[in-house]
1. Identify all residues within region 48-81 that are assigned to a loop (DSSP other than H, G, I, E, B), buried (at least 17 other Cβ atoms within 10 Å of the Cβ) and touching a residue at least 40 places away in the same chain (Cβ under 8 Å); write none if there are none.
2. Kindly list the number of the only condition in (1) open to solvent by 10 Å² or more (accessible area, probe 1.4 Å); (2) at pLDDT 95 or above; (3) not in a strand (DSSP E or B) that fails for Glu226.
3. Looking at Ser206 and the list (1) of a type outside the set (Val, Ile, Thr); (2) at pLDDT below 95; (3) in contact with a strand residue (DSSP E or B) (Cβ under 8 Å, 6 or more places away or on another chain); (4) open to solvent by 50 Å² or more (accessible area, probe 1.4 Å), which single condition is not satisfied?
4. Could we say that Leu578 is in contact with a Ser or Thr (Cβ under 8 Å, 6 or more places away or on another chain), in contact (Cβ under 8 Å) with a residue 12 or more places away in the chain and under 16 Å from Asp427 (Cα atoms) here?
5. Would you check if Gly471 is modelled with pLDDT under 95 and either open to solvent by less than 30 Å² (accessible area, probe 1.4 Å) or on the phi > 0 side of the Ramachandran plot (or both)?
6. Could you list, in sequence order, all residues of region 451-468 that are more than 30 Å from Thr715 (Cβ to Cβ) and either aliphatic (A, V, I, L, M) or open to solvent by less than 20 Å² (accessible area, probe 1.4 Å) (or both)?
7. Take the residues in region 545-589 that are over 35 Å from the mean Cα position of the chain (by Cα), among the β-branched types (Val, Ile, Thr) and not in a loop (DSSP other than H, G, I, E, B); name whichever of them is surrounded by the fewest Cβ atoms within 10 Å (Cβ to Cβ).
8. Test Asp305 against the criterion of being under 20 Å from Gly46 (Cβ atoms) and open to solvent by 30 Å² or more (accessible area, probe 1.4 Å), and give yes or no.
Amino acid sequence: MIHPFFKYLAITAITLFVSEGTVLAQAKKSSDTNGNTAYLFTYFTGNSKAEEAIRFAISSDGYHYSALNNNNPVISSEKISSTGGVRDPHILRGADNKTFYMVATDMVSAKGWNSNRAMVLLKSTDLIHWTSSIVNIQERFPNNENLLRVWAPQTIYDAKAKKYMVYWSMKHGNDPDKIYYAYANATFTDLETEPKQLFFSPTNGSCIDGDIIYEKGKYNLFFKTEGNGNGIKKAVSDELTGGYKLQDRYLQQTTEAVEGAGVFKLNHGDGYILMYDVYMKGRYQFTKSTDLEHFTVVDQDITMDFHPRHGTVLPITQAEANRLLTQWYNPAAVLQKVGNKAIKQHNIVVDSVTKTVYLPVQAGTSLKAFNPQFSTAFGVSVLPVGNADFSKGPVKYTVKVGNQAPESYSVSVSADHNPVLNGYYADPEILYSNKNKKYYLYPTSDGFTGWSGTYFKTFSSTDLVNWKDEGVILDLEKDVSWAKKNAWAPTITEKKINGSYKYFYYFTAAQKIGVAVADDPAGPFKDSGKALISKRPAGTRGGQEIDPDVFTDPKTGKSYLLWGNGHMAVAPLNDDMLSIDTTSIRVITPNNSFREGTEVFYRNGKYYFLWSEDDTRSENYRVRYGYSDSFDGKMIIPNDNLILSKRPEKGLYGTGHNSVIQVPGKDEWYMVYHRFNRPKGITMGDAAGYNREVCIDKMEFNADGTIKAVEPTLTGIKPVK
């Protein structure tokens, strides 16, 4: 099986390691007349200074992209900019077909959205080595004293003027953002003409992120209506430098906020891709068109191993692709790309120092004849091929990329059970359903920038190891009227009412707590129609009303809701389970180690209160506990009450926000928690706090009832019976 990254890069009758000249000749025979067979995506990744840098990714088909240089910058922002950061890179092939031009915003967003006055111009003949110049518009041209920002430059060749035209948006004082243009000099080191307004909006609304593509005698200018609506529009003209007429309709195929439209033509003549940055969701949307008027979402066909922000795609030749692979791809990156779906893709560990690879696979996978299906095609060789026996230990693989020397890696395959869910999930709640005799996991759907997920899912299991995705059970955008964002940290309880089971699902949305009801643990759930908790308890300062936990006292049958960030609050639930006794709200914050994530359970006469300490973005996120002889009694906090914490030697960090499950009828207990993604989380900075995964490990008690420290593991637990 050939991984999508390399699909179509393979060229019939080309041996693996021929010269670039031969590759180019062969590529021209097997592709379109322009010789392009692949795509280069240039982008930045976020709003921190380290993320504001130019990165490259490559694709064979325009749909499946893999980051080059391990998603690290390919050009130093410090060396090319005045601010130390660059954003919004745009790349263009020159009219001579051998020179490349790139422009970018010279900006560090932490200094403010009105802080930059400059752009960066770059030039290359090989896509590897770049010369650069800074053009400060305020300093370079008169009458820009009240200039606030210079955003998202792009370049196009003006065949009539025989010059490269740079266009970008600027904001002066209280005026809206407007799109301007100027011509670059012959060496592409400066702008030689004074900026002129390119597009005049009939609404005088703000316009940013312009992108021009020429098609059938027309110049199509795509742009974002910044501050005046939410999305991508288009203006069309017969002339490059003016006369643009607005087509007053939005072209994006989502209701989410978008920016950074980019259009590129597919190499094989079957249309165009319009892509844009769905920046609040931390993802891109790709749409396809044959006429630049009608666009169809093709997200289901898109894969990326990175999270881009505002970038552009350039069609490239096979020789150029091979040159990029040789420079910025490596055996470690090749071994990250596997086709076998039994492998947990997010948890592959490749160590280029020790030359080892760890491939975690689904429970029940046979290791005696296992094929990782490493990606191989032109420019890449991985040996051996086919099945190998991993049951007796690691297997040696040799990898060669382009003109690089071959390298050997020791590859291990292990059927480890942690994480228990594929993908990014956090804040797990767990329930044993007496109705269905199954366990159900209810996590936060994670992996969204800034914790911006909007839906909840559940997963079912009979043994706590093998989990079935039961799908979305509550979608804020469709099912909840009072909140549409930040779907976090649910909890659930099962109640038998008038002989029938009911499930009450308490969830966080927009930093408030709501409740939904279903007749089955897998839903569908119906929201109550209003927030249950919407303000801080009296006497508290700061914090958020999040992280609910529902607990029913086995001695009294009374149910309680606990919640809070910065404070632990509790109130009795009324008999309807849909409202609380607001007169009985208490704040029972254990001590200053409490942050969030309350969990309460009962065992052998003791009530245990667990909570998370520190911040979920911190590698030191961890779990502490206290206990009491009654639910509303004095809480005893042991001196050694830290029961879950990181294990750096295993690459496990950010272990916290847990729930607890007892195997019915047994004194057998398990802790369900989230951790940073392993192995990438610890390298992601704050983003690790919303790229988390769910794990289960055994919980044990000392003879006096205190909790032993839980050991976070890779192996996880054995199936329970």
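1. Glu52, Ile54, Ser60, Asp61, Gly62, Tyr63, Leu68, Val74, Ile75, Ser81
2. (2) is the only condition that Glu226 fails.
3. Result: Ser206 fails condition (4) only.
4. No.
5. The answer is no for Gly471.
6. Ser452, Thr454
7. Checked region 545-589; the qualifying residue surrounded by the fewest Cβ atoms within 10 Å (Cβ to Cβ) is Thr583.
8. Yes.
The values are calculated or read from the model by the stated rules, or taken from the named source; none is laboratory data. In this text the structure is predicted, and so the values were computed from the model without any measurement. Virtual Cβ from ideal backbone geometry, glycine too; neighbours counted across all protein chains shown. Ligands, DNA and RNA are stripped out before the accessible areas are found, and what is left, the full protein with its side chains, is counted by its heavy atoms. Shrake-Rupley method; radii C 1.70, N 1.55, O 1.52, S 1.80 Å.
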